1. Considering only the stretch 170-196, state which residues are under 36 Å from the mean Cα position of the chain (by Cα) and free of Cβ contacts under 8 Å to residues at least 60 places away in the same chain.
2. Please give the number of the condition ASN199 fails out of (1) in contact (Cβ under 8 Å) with a residue 12 or more places away in the chain; (2) under 23 Å from GLN211 (Cα atoms).
3. From the list LEU104, LEU113, exactly one residue is within 14 Å of VAL218 (Cα to Cα) and in contact (Cβ under 8 Å) with a residue 40 or more places away in the chain. Which is it?
4. May I ask you to list the residues in the stretch 145-169 that are without any contact (Cβ under 8 Å) to a residue 60 or more places away in the chain, open to solvent by 30 Å² or more (accessible area, probe 1.4 Å) and farther than 24 Å from SER225 by Cα?
5. Return the residue satisfying two criteria in turn: it lies in the stretch 202-226 and is among the charged types (D, E, K, R) and either in contact (Cβ under 8 Å) with a residue 12 or more places away in the chain or in contact with a helix residue (DSSP H, G or I) (Cβ under 8 Å, 6 or more places away or on another chain) (or both), and of such residues it is surrounded by the most Cβ atoms within 10 Å (Cβ to Cβ).
6. Tell me, which residue of the stretch 95-118 that is open to solvent by 40 Å² or more (accessible area, probe 1.4 Å) and at pLDDT below 75 is nearest to SER145 (Cα to Cα)?
7. Could you please let me know if THR170 is in contact with a strand residue (DSSP E or B) (Cβ under 7 Å, 6 or more places away or on another chain), farther than 21 Å from PRO107 by Cβ and hydroxyl-bearing (Ser, Thr, Tyr)?
Amino acid sequence: MRTYLQRSAFACLIAVVAFVFGFLAAAQLRTQLITPSNRVERNHALVRSVQELELINAADRQRISQLRNEISGREAVAAQRDAATRQLRDDVANLRAHAGQTPLRGPGVTVDLGNGRPSGDSSDENRNYLADFQDVQDVVNLLFSAGAEGVAVSGRRITPLSSFHGQAGTVVIDQGPPLLAPFHVAAVGDRSQMEEVLNDPGKLGDVRYRQRQYGIQVSWGGSPSVTLPASDSSLGITYAAAG
């Protein structure tokens, strides 16, 4: 009987020891599953992820900056091209205007030349009292020298190739029909400078002389708006050809 009790007590002791050992092993296992070192590793992983994202963002920002600079450069080049194109268009327009190929409007002056009155003297046979093509040519040349951008005579636009000829009292421009006095000369350009030369008594000497001697009619005035027609290309200059 005593031996049985001893065996039972020993078995109970073994069971208690096993239970305690199992509890301690489980506690140790749980402690190993969630250790401070694992938390540190996770924190390190998070830090690495943040750092990688920052590097990616920095690279993206740099690329965006490069693209913006590239866009700005291309816009600058396009603007320069546009400016160059506009300048070329303006130059062409100015050349066409000076060549008389397009109508022209702006501030300018007008000059009127009319015939004088014959005195009845036989010396008037040379008709010095009649305005002629040379008078018109002198006025046109004077206005161009004073900054005129365009000139028209009695509605006929003058070009760099225009020629003047005719008899006393008439003027023929290029191959157009004769124009009869009074002649109306209109010019667009530097109004003040053109008015200054027209008021200069040292200019248009022959016209002024015949104005005093034979009553040639000469008058001029400035205007804030003068309109000139385009030249008539059908009335261009014809050149003699060798036979």
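1. Answer for the stretch 170-196, where residues must be under 36 Å from the mean Cα position of the chain (by Cα) and free of Cβ contacts under 8 Å to residues at least 60 places away in the same chain: ASP190, SER192, GLN193, GLU196.
2. Failing condition for ASN199: (1).
3. Values: LEU104 fails: within 14 Å of VAL218 (Cα to Cα).
Going through LEU104, LEU113 in turn, just one is within 14 Å of VAL218 (Cα to Cα) and in contact (Cβ under 8 Å) with a residue 40 or more places away in the chain: LEU113.
4. Hits for the stretch 145-169 are HIS165, GLN167, ALA168.
5. Here is the first cut: in the stretch 202-226, the ones among the charged types (D, E, K, R) are 203, 206, 208, 210, 212.
Subset that is either in contact (Cβ under 8 Å) with a residue 12 or more places away in the chain or in contact with a helix residue (DSSP H, G or I) (Cβ under 8 Å, 6 or more places away or on another chain) (or both): 203, 206, 210.
Details: LYS203: 16, ASP206: 12, ARG210: 20.
Per the criteria, the residue is ARG210.
6. Narrowing the stretch 95-118 to residues open to solvent by 40 Å² or more (accessible area, probe 1.4 Å): 95-96, 98, 101, 103, 105, 107, 112, 115, 117-118.
This time we only want the ones that are at pLDDT below 75, so: 95-96, 98.
Values: LEU95: 17, ARG96: 19, HIS98: 13 Å.
My answer is HIS98.
7. Values: in contact with a strand residue (DSSP E or B) (Cβ under 7 Å, 6 or more places away or on another chain): yes; farther than 21 Å from PRO107 by Cβ: yes; hydroxyl-bearing (Ser, Thr, Tyr): yes.
Criteria met by THR170.
The values are calculated or read from the model by the stated rules, or taken from the named source; none is laboratory data. If you're wondering where the values come from, they're calculated on a predicted model, not measured in any experiment. Neighbour counts run over all protein chains shown; Cβ positions are idealised from the backbone, glycine included. Remember, those area values only see protein heavy atoms, side chains included, never the ligands or the DNA or RNA. Shrake-Rupley method; radii C 1.70, N 1.55, O 1.52, S 1.80 Å.
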